[in-house]
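The block underneath contains the structure these notes are about, expressed in structure tokens.
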């Protein structure tokens, strides 16, 4: 069942520093919520709050699926999240990384799901290679595979095209086009080409 994410008056303070101040927005399937702004304006903080990885100081984030309303952490198995801070295991193979995390999320048929995603990302021929042998761009593609393992109803991406070449960016834009039809998407970026994809754009730090 589709999820709508309602961000209502969210603020976040770290000690005496205010990282976010009363941000409100809505993300739902068919609409891409795009977050932009100068470095240090709170983009990553807002995405972590939307994903339930960080609590707001004030305000709220509510997930609504037509049956239940609740905080993001109650819907954790339906969220996909990828960011520059996400770390996978370098000593494990690409396939083992995905099946391991898929198992933690309770994904049924995690091996076949992982193989399908690796093929989609152009990495199937490297499925048995350790991540330590991957380039930064390949590791970035792996993060997308990881974030899609549970076929999320909410897909949250922080700087999705960092370290990617043109082919990698094309993959990301294709995935965004596919996912926006069925999932709520929240993306943080300063890339002009990506900002133009947003149906609703929040500019932080103005």
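How far is helix 94-104 tilted, in degrees, relative to the longest principal axis of the Cα atoms in the chain, given as a value from 0 to 90 rounded to the nearest 10?
Compared with the principal axis, the helix lies near 50 degrees.
Can you divide the C-alpha Rg of the stretch 43-91 by 2.2 N^0.38 Å and report the result to two decimal places?
1.31
Based on alpha-carbon positions alone, could you give the equivalent ellipsoid semi-axes of the chain from the gyration tensor, as √(5λ), descending, whole Å?
Working: eigenvalues 155, 71, 52 Å².
Calculated on Cα positions only, the semi-axes equal 28, 19, 16 Å.
Where does each of 142, 1 land when they are ranked from fewest to most other beta-carbon atoms within 10 angstrom?
1, 142
By count of other Cβ within 10 Å, fewest leading, how are 31, 143 ordered? Show your work: numbers first, answer last.
On the way: 31 15, 143 23.
Neighbour counts put them in this order, fewest first: 31, 143.
If you restrict to DSSP beta bridges whose two residues both lie in the chain, what percentage is antiparallel, to the nearest 5?
50
Arrange the following residues from fewest to most other Cβ atoms within 10 Å of their Cβ: 187, 3, 49.
3, 49, 187
For the pair residue 125 and residue 13, how long in nm is the line joining their label points, each one 7 Å along Cα→Cβ?
5.6
Counting only C-alpha contacts under 8 Å and six or more residues apart, can you give the relative contact order of the stretch 4-204 as a whole percent? Before the final figure, lay out the partial values.
Working: 379 pairs, mean separation 63.5, N = 201.
In percent, rounded to a whole number, it is 32.
With everything on Cα atoms, drop me the angle between helix 136-148 and the longest principal axis of the chain, reported from 0 to 90° to the nearest 10.
70
So, R0 is 35 Å and r is the distance between the beta-carbons of residue 166 and residue 206; what FRET efficiency does that work out to, to 0.05?
Approximately 0.70, to the nearest 0.05.
In nm, to one decimal, how far is the residue 68 label point from the residue 6 one, both placed 7 Å along Cα→Cβ?
That separation, rounded to one decimal, is 1.7 nm.
Sticking to Cα atoms, compute the Rg of the stretch 68-178 to one decimal and its Dmax as the biggest Cα-Cα distance, whole number, in Å.
Gyration radius and largest Cα-Cα distance of the stretch 68-178: 13.5, 44 Å.
Could you give the distance between the Cα centres of the stretch 1-64 and the stretch 136-206, to the whole Å?
Cα centres, the stretch 1-64 to the stretch 136-206: 16 Å.
In terms of the ratio Rg/(2.2 N^0.38 Å) built on C-alpha atoms, what value belongs to the stretch 1-102?
That ratio works out to 1.20.
Once the Cα atoms of helix 166-179 and of the chain are each reduced to a long axis, what angle between those two axes, in degrees from 0 to 90 to the nearest 10, is obtained?
60
Bear in mind these aren't lab numbers, they're just calculated from the coordinates by the rules spelled out. Quantities reported herein were computed from a predicted structural model and do not represent experimental measurements. Here the Cβ is made from the backbone with ideal geometry for all residues, glycine too, and neighbour counts use every protein chain on show.
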